[in-house]
Every structure is written in structure tokens, then in C-alpha cells.
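Take a look at the structure below.
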Amino acid sequence: MATHIKFGRLFTGLKTTADKDQTVVIDGDKFAYVGPSAQAPKPATADQTIDRSRMIGIPGMVDVHVHLTYGNAMCEEDIDLYAPIEFRALRGLINAQRLLAAGYTAMADPGGSNRVPLSIRNAINAGLFPGPRISCSGPYITSRQGLTDWYPTWFGAPKTSIGHLVTSMDEAIEEIRTQVKDGVDYIKIAMDGIQRHPNGDLLAAFNQDEITRMTEEAHRLGKKVITHARGRESTLYSARAGVDLIFHASWMDDECLDAMLENKCAIGPTLTLINHAITFLQPSDPGYGKERYALAMREWGPACQGLPKAHKAGVPFMTGTDSGFSGTPYGEWHAKEMEIFVKFLGFTPGEALRSGTVVSAGFLTGGDKLGAFEKGRFADFIVFDGDPLADIAQLLDKTRIKEVWQGGAPIALKLPTMKREGVSDFSYKMWNDMYSQARVAELAETKRIRRVAAE
Ligand SMILES: [Zn+2]
């Protein structure tokens with residue numbers, strides 16, 4: 001029995017525009033026909049026919065930057081320390097389902113603690129639970145200058161951390177081989193963190209020889225490589241090493257661009273998190289007015305200068321949100337990245353939607369069978385009420401997503417409401433200020449100090 005669905009408009013993902021009066025025929029879990037309704041095969045008696053002629057069909061969307069183990073964390077300690085690994089797996093599974101419910105039928109998890117993302121991926125693939133199609137790495141490989149080595153040197157990177165700290169190339173190669181043995185889809189390397197040169201530029205966590213060696217080893221073992229690289233130096237080293245996907249590239253210049261074009265690197269700018277750090281942080285948030293906030297402010301301008309050039313030059317752009325932080329909760333803001341591409345990076349809505357579907361799918365394992373309406377690809381798509389090609393921000397409106405289909409069947413998910421305090425509030429941080437007598441006197445003037453009732 002096949003399913004015939006008639007759409008008013010269809011955005012196949014294979015070009016930047018939509019076509020009118022299209023029909024898709026689904027046989028099993030894949031498309032058997034995609035094309036004009038007038039030429040569509042006639043349904044057999046046993047076939048199901050569905051009329052969605054008031055709707056537009058859009059391929060299932062893809063977020064290449066979701067961290068399932070973070071748990072909508074409020075700080076790095078939440079991410080690394082405050083939930084048992086087993087709990088993170090259960091929490092990560094339901095958060096993965098939130099993506100699926102939001103029309104994201106596939107995603108990449110580039111960095112999580114231990115083997116949690118792998119286990120979530122395997123459980124979904126085994127049919128134990130519904131969820132998006134997941135490709136994932138193991139923990140980030142990092143150095144003393146890289147992301148995830150947050151803690152004092154005498155503490156190191158704990159076993160539950162999202163990063164694996166290496167102190168030599170032998171250790172790095174050993175970690176790559178171990179992760180490949182355990183079944184990762186790709187290797188994630190932290191190419192910078194927060195340490196800087198005296199001139200203010202971010203320091204690369206590994207030198208050129210080191211990132212080239214790690215990339216060669218991952219490629220030799222048949223795995224792609226993603227780097228976290230915000231600064232110019234780390235972006236340049238990543239591009240020269242020929243890594244497959246560079247996250248951020250905020251301070252890229254022409255030299256970086258040439259190396260990216262030569263080595264066919266893609267970019268995942270992940271501007272959603274930076275945008276939210278700038279626009280969402282409240283004065284009452286601990287991060288407000290601090291270094292991380294200042295970094296976001298400092299990064300936004302250069303990113304919006306360098307990245308449009310890369311897009312114009314033909315570098316593939318993939319959509320990611322760094323979901324898993326309190327500022328980017330799961331299932332909420334994934335489509336924001338496409339809106340940012342249009343508003344700030346010079347994309348047309350059609351180009352952004354291709355980035356958020358078929359282009360990003362290209363990075364995933366088996367991605368050539370995902371991300372587009374095309375005969376032979378998996379029937380993963382959404383039925384959408386609106387016109388995202390006129391206003392890309394409509395994709396953030398979940399009431400417009402009428403149906404989510406995955407593998408040729410509609411998905412019906414009933415997701416529980418989270419009890420916030422049980423999910424991510426594990427750190428013991430209590431104070432945002434230092435309450436000296438002088439500070440208390442100052443606050444008393446503005447009436448911000450409450451009295452105990454009995455006083
Ligand atoms: Zn990330």
C-alpha cells in the first residue's frame with residue numbers, strides 16, 4: 001500500500017524555490033514519486049490518498065549543532081558535573097524527541113559526555129524509542145587552551161566532562177581510535193576556547209601540525225571532523241587541515257576563505273547562541289556584563305562581516321543552534337538560525353531553507369538519503385501552513401507545523417512538561433552579587449533589600 005499526498009506547494013530542497021500542485025507518493029519509508037500532480041501515478045485501490053493542497057511540504061529540517069547531554073544547562077558546571085551520566089541519557093532522549101516534534105527529523109550531536117549521545121542514537125535506531133535521526137561524536141578532544149578545559153589545572157577535566165583533555169598527540173590519536181571503535185559518526189575537536197594572544201585574538205588550542213595529524217587519522221578511519229573554531233587562527237588551521245565542518249568561524253578572513261574553498265570545508269556559524277547571549281541575557285543572569293557576554297558582543301560584528309563573504313564565494317553553510325543551553329532550549333529555537341542567515345548573512349529564504357534541510361543533511365551519516373523530496377530518499381518531511389519563502393521566521397511558529405512525517409509515517413508524540421528544577425538546576429550557585437555592608441546599604445537605598453517579616 002502506497003500513500004499519495006497532494007501538496008499545494010512543495011519545497012523539494014533540490015532548488016531554492018517551491019513548485020505548485022505537486023504530489024508525493026510514499027512506498028514503505030521512502031519517496032517513490034515526487035513531481036507534478038498532473039503526471040503522478042494513479043493511486044491503486046488499496047492506496048491511501050491525502051489532500052494537503054492548502055499546505056506546503058518542506059523536507060524534515062536538520063540542526064547540526066545540538067548537545068543532547070547538556071540538559072538546558074545554565075552554566076558549564078551543570079554540563080560537566082551535576083547529573084549522573086545515566087540521567088543525562090534519559091533526559092537527552094526526551095530532548096531529542098522535542099526536536100522531532102518541532103519538525104527536526106535529523107540532527108547532529110557534536111560533543112557530549114561519555115557515550116551518552118551514541119547510546120541515544122543507538123536506542124532510536126534500534127526502534128526502542130521514536131526520535132530524530134542522529135549522527136554524533138564522542139566527547140570533544142581538547143588541549144589546555146581549548147574549550148571544555150574550564151576548571152583549574154589541579155582539577156583537570158572530570159570523567160563526566162563533555163571534553164577529553166589530551167596532553168600529547170599520542171593521547172589524541174588514541175582517543176580518536178577509541179571513539180571510532182565505539183562507533184562515533186565523526187570526531188569533534190576544540191580548536192580554541194577562551195584564552196587569547198596579547199593582542200586579544202583567540203589562541204588556537206592545537207598547532208597546524210597537530211590538527212592536520214588528527215584530521216588525517218580520523219579521515220584514514222573513515223570519519224569526518226568538526227572543529228569548534230571561533231578565532232581566526234583556529235579557523236585557518238582547521239581549514240588548512242581540511243576538516244569537514246567548522247563551527248563558528250566568526251573571525252575568518254580571506255586567507256581562511258581560500259583554504260576553506262581549496263579543502264571543501266563547510267561552515268556551521270551557530271549564531272543563534274551568540275544572538276541569544278546578546279538579546280536574551282537579563283541583568284539578573286550571572287553571565288550578564290561578564291566576559292562571555294562581552295565576547296558575544298565582540299563576536300557578532302566580525303561574524304556578520306566575514307561569513308556573508310564565504311556564502312557568496314560558495315562555501316556550504318549548515319544550520320546549528322548549540323541547543324542544550326538555558327538560552328537555547330531543545331525544540332524551541334532551531335529555525336532561528338535560518339532567520340539569522342537571511343537577516344544578517346545575505347541568504348535568500350530559499351537558500352536558508354536549503355541550508356536547514358538538504359545541505360545540513362549532507363553532513364550526517366547516510367545524509368544523501370535525507371533532507372529532500374526526491375525519489376529514493378527517506379520520506380521525512382513537515383506539512384506546513386504558511387509561506388516560509390516569504391517569511392522565513394514563520395518556521396519558528398510551531399502552530400504552523402501541522403504534521404511531522406518520518407520514514408513514511410506521521411509522528412505523534414506526547415511530550416511531558418519538564419519540571420525545571422529537576423532537569424537542570426543542579427549547581428549550587430546562589431548569589432549573583434557580593435553583599436558587603438557597603439553594597440547592602442547601596443541596595444537599601446533603591447529598596448531592593450527585603451526585610452525579614454519579624455524585623
Ligand atoms: Zn557547541
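Just so you know, all these numbers are worked out from the coordinates, no wet-lab data involved. What you are looking at is a predicted structure, and each value in this text was computed from that prediction instead of being measured. When we count neighbours, we look across all protein chains shown, and the Cβ atoms used for this are built from the backbone with ideal geometry, even at glycine.
Normalised by the number of residues in segment 1-98, the average gap of Cα pairs under 8 Å and 6 or more apart makes the relative contact order 27 percent. Report the local net charge at Glu291: Lys and Arg +1, Asp and Glu -1, summed over other residues whose C-beta lies under 13 Å from its C-beta. With Lys, Arg at +1 and Asp, Glu at -1, the net is +2.
With each label modelled as a point 7 angstrom along the Cα→C-beta vector, the Asn263-Thr153 pair spans 2.9 nm. Karplus-based coupling profile of segment 37-42, in residue order and whole Hz: 4, 4, 9, 5, x, 5, with θ = phi - 60° in 6.51 cos²θ - 1.76 cosθ + 1.60 and x standing for Gly or Pro. Can you tell which of Leu415, Met434, Ser53 lies farthest toward the positive end of the dipole of the chain, using +1 and -1 charges on the Cβ of basic and acidic side chains (Lys, Arg; Asp, Glu)? Of Leu415, Met434, Ser53, it is Ser53.
Counting only other residues whose beta carbon sits under 10 Å from that of Val34, what net charge do I get with K and R as +1, D and E as -1?
Summing Lys and Arg as +1 and Asp and Glu as -1 gives 0.
On a full-extension model of 0.36 nm per residue, what is the gain between Ala46 and Phe87, subtracting their alpha-carbon distance, rounded to one decimal in nm?
Details: separation 41, 0.36 × 41 = 14.76 nm, distance 4.52 nm.
Taking 0.36 nm per residue and subtracting the Cα distance, the gain is 10.2 nm.
Using only side-chain charges placed at the Cβ, +1 for Lys and Arg and -1 for Asp and Glu, the dipole size of the chain relative to its Cα centre rounds to 1080 debye.
Normalised by the number of residues in segment 61-361, what is the relative contact order in percent for Cα pairs under 8 Å and 6+ residues apart? Kindly include the intermediate steps, with their values, before the conclusion.
Details: 650 pairs, mean separation 55.1, N = 301.
Normalised by residue count, the contact order of segment 61-361 is 18 percent.
Selection among Gly200, Thr270, Ala106 by position relative to the dipole of the chain gives Ala106 as farthest towards the positive end (Cβ unit charges, Cα centre). Net charge dipole, segment 1-85: roughly 840 debye, given to the nearest 20, about the Cα centre with Cβ charges of +1 for Lys and Arg and -1 for Asp and Glu.
Nearest 20 debye, what's the magnitude of the dipole of segment 267-416 about its Cα centre given +1 on Lys and Arg Cβ and -1 on Asp and Glu Cβ? The partial results should precede the final answer.
Numbers: 15 positive and 16 negative charges, 40 e Å.
My answer is approximately 200 debye.
Each part reduced to its alpha carbon centroid, segment 219-276 and segment 337-411 end up 23 Å apart. Once the Cα atoms are used to define both axes, helix 254-263 deviates from the longest principal axis of the chain by about 50 degrees. Note on Glu445 and Lys419: their simple-model spin labels are 4.4 nm apart, each label 7 Å out from Cα toward Cβ. Of the residues His228, Leu118, Pro152, the one whose Cα sits farthest towards the positive end of the charge dipole of the chain is Leu118 (charges of +1 on Lys and Arg Cβ, -1 on Asp and Glu Cβ, taken about the Cα centre). Compared with the dominant Cα axis of the chain, that is its longest principal axis, helix 291-313 is turned about 40°. Taking Cα atoms only, the orientation of helix 232-241 departs from the longest principal axis of the chain by about 50 degrees.
Exposed loop chymotrypsin sites (Phe, Trp or Tyr not before Pro) only (DSSP loop, at most 11 other Cβ atoms within 10 Å): please give the longest stretch of the chain free of them, not including the sites.
Values: sites that count: Trp154, Phe155, Tyr428, Trp431, Tyr435.
With a cap of 11 other Cβ atoms within 10 Å, the longest stretch comes to 156-427.
Note on Ser37 and Asn199: the extension gain reaches 52.2 nm, defined as 0.36 nm multiplied by sequence separation minus the Cα-Cα distance. Taken along the Cα-to-beta-carbon direction at a fixed 7 Å, the label points for Asp397 and Glu255 span 4.7 nm.
For the chain, the Cα-based Rg and Dmax, in that order, read 23.0, 82 Å.
Just to verify a number: FRET efficiency for Met434 and Leu14, C-beta to C-beta distance, R0 = 60 Å, to 0.05? Mind showing how you got there, number by number?
Numbers: r = 58 Å, r/R0 = 0.97.
Plugging the Cβ-Cβ distance into 1/(1 + (r/R0)^6) gives 0.55.
Exposed loop positions in the chain were taken to be trypsin sites (Lys or Arg not before Pro) whose DSSP state is not H, G, I, E or B and which have at most 15 other beta-carbon atoms within 10 angstrom. Between these positions, the longest stretch is 16-143.
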